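Q: Below is a structure I'd like to ask you about.
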Amino acid sequence: MARVSLRDVNRVIDEGILPREFLGPNTRRTILAAGCPLISFYFASSTRLTAHERLLAIGRVGPRLRAAGWQALWAQEDWTVRDEFLSIDLGPFLAAARERLDHLASARAMVTSSSEVLGGTPVIKGTRVPVYDVAASVSAGLPRDRVLAAYPGITDEQVEFAGLYAEAYPVRGRPPREPPRGVVIRTDRRVPRKAG
């Protein structure tokens, strides 16, 4: 949601760039949604502001942001930080994050998962179309019209939300080593690799 790489998010956590109150309560590697605009600001402004100035802005806005409540209240305040001759407006970062969070909520509502459908693979609600397959097609550079032709039961908006969902919830780890239920293994012969 911050529009930065996972590596940069980990850097924000490891280097203490984001105030502690924006880290999730259950694990050190979870960031609350309110921290996303601050992360986005930190990296987007890196070519124009020094690290000290960026940290100053985050330090001043952070407590206000947490106190303001959820994203609906973000638009009601002035998010400009002033320090002597310097003025930094974080409002556009909050507006962009609020829009992305709204889209993510729509993407979550569009996805369903049931052991009855494709063995629990997340699919677009009302279809048997795997979300990650649609997202992979888009990220591979297929034109939108080809993706829609390949999956005639989905809409243009669902294609967009599938990409967002897959970006927010990437598939992690290796696939399970056990075969899916109902699969019959005919042989378990192992073939040694050739050297060199």
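The values are calculated or read from the model by the stated rules, or taken from the named source; none is laboratory data. The shown structure was predicted, so the numbers you read here are calculated from the model rather than taken from an experiment. In this analysis, Cβ positions are derived from the backbone assuming ideal geometry, glycine residues included, and neighbour counts consider all displayed protein chains.
Q: May I ask you to verify whether Ala135 is aliphatic (A, V, I, L, M), outside the structural domain of Cys36 (by TED's automatic domain parsing) and part of a helix (DSSP H, G or I)?
A: yes
Q: Collect the residues in the range 85-130 that are farther than 25 Å from Ser40 by Cβ and part of a loop (DSSP other than H, G, I, E, B), keeping them in residue-number order. It would help to see each step written out before you state the result.
A: Residues of the range 85-130 that are farther than 25 Å from Ser40 by Cβ, as a first pass: 112-130.
Hits for the range 85-130 are Ser113, Ser114, Ser115, Glu116, Val117, Thr121, Pro122, Lys125, Gly126, Thr127, Arg128, Val129.
Q: Could you list all residues from the range 145-156 that are within 23 Å of Leu101 (Cα to Cα) and touching a residue at least 12 places away in the same chain (Cβ under 8 Å)? Before you say what the answer is, go through the steps one by one.
A: So the first thing to find is which residues in the range 145-156 are within 23 Å of Leu101 (Cα to Cα), and the list is 154-156.
Selection gives Ile154, Asp156.
Q: Related question: Show me the helices (runs of 4 or more DSSP H) entirely contained within the range 1-82 in which 3 or more residues are more than 20 Å from Tyr169 (Cβ to Cβ) and at pLDDT 80 or above. Don't jump to the end; show me each part of the working.
A: Values: elements: 6-14, 36-44, 51-68.
Correct list: 36-44, 51-68.
Q: Exactly one of (1) under 19 Å from Gly153 (Cα atoms); (2) not assigned by TED's automatic domain parsing to the domain that holds Ile154 is unmet by Arg98. Its number?
A: (1)
Q: Take the residues in the range 105-133 that are in contact with a Phe, Trp or Tyr (Cβ under 8 Å, 6 or more places away or on another chain) and either surrounded by fewer than 14 Cβ atoms within 10 Å (Cβ to Cβ) or in contact (Cβ under 8 Å) with a residue 40 or more places away in the chain (or both), then tell me which one is nearest to Phe161 (Cα to Cα).
A: This residue is Ala107.
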